[in-house]
Amino acid sequence: MRKILCFMVGAVAGAVSGIAGMLKCFENKIIKGEKETYKFRVYYELTRKWVEAYQIGKSLEALLLAKGYENVAIYGMGDVGYLLFRELESSKIKVKYGIDKNTIGRGFNLKIVEPSNEMEKVDAIIISAVFAFDDIKEMLESMTDCPIVALDDLIYELC
């Protein structure tokens, strides 16, 4: 009887432990999914406003020139950073380099550097990874004294 009771207690404890582990795994997946959803929602809103600004004839070039930003760097060379680079490459704004932890290029002609104290001086750094703006800005402020601006703030300023 004692052996059966010990076996049952052990089985129940194992089952509870297994269920707790599964719940923790599902919780992590849900949190990750919520972060991804937030990230893509932010990018959707940014892109929507960017297209709207374009449709009413407003340009990032004019806004950046008005702010005195002729030479810029772009932090975040994923899809949004690439779109920003493509828009600015045919303008009076000179994109000096991209900044990204992944320095492997995406097939376009732009030097990509890792964030460091050795970054070339520019008039401003535009952060395309707007979902993580605060953390990125804090990191960059310890490396440079130039203005650090969020792409979504610039886009919303246009409209």
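The values are calculated or read from the model by the stated rules, or taken from the named source; none is laboratory data. Owing to the predicted nature of the structure, the values given are computational and were not obtained by experimental measurement. With ideal geometry, Cβ positions are generated from the backbone for all residues, glycine too; neighbour counts draw on all protein chains shown. These accessible areas exclude ligands, DNA and RNA; they are computed on the full protein's heavy atoms, side chains included. Shrake-Rupley method; radii C 1.70, N 1.55, O 1.52, S 1.80 Å.
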**Message:** Given the C-alpha atoms of region 41-93, compute the convex hull and give its volume per residue in Å³.
**Reply:** 86 Å³
**Request:** Calculate the translational D of region 73-114 in whole µm² s⁻¹ from Stokes-Einstein, where the hydrodynamic radius comes from the Kirkwood formula applied to all Cα pairs, the temperature is 37 °C and the viscosity 0.692 mPa s.
**Result:** 326 µm²/s
**Message:** If you count only protein heavy atoms with a 1.4 Å probe, what accessible area per residue comes out for region 52-102, rounded to a whole Å²?
**Reply:** 53 Å²
**Request:** Give, to the nearest whole percent, the P(r) tail of region 37-129 beyond 22 angstrom, counting all Cα pairs.
**Result:** 29 percent
**Prompt:** In terms of modelled amide H atoms, which long-range or inter-chain residues lie less than 5 Å from the amide H of Y75?
**Reply:** I99, I126, I127, S128
**Asked** If you take the Cα Rg of region 78-159 and divide it by 2.2 N^0.38 Å, with N the number of residues, what do you get?
**Response** 1.05
**Prompt:** Of L84, V51, N71, which is farthest on the positive side of the dipole of region 47-92, counting Cα position, with +1 on Lys and Arg Cβ, -1 on Asp and Glu Cβ, and the Cα centre as origin?
**Reply:** V51
**Asked** Which whole-Hz couplings ³J(HN,Hα) result when phi for each residue of region 64-69 is put into the Karplus expression 6.51 cos²θ - 1.76 cosθ + 1.60, θ = phi - 60°, listed in order with x for Gly and Pro?
**Response** 5, 5, 4, 8, x, 9
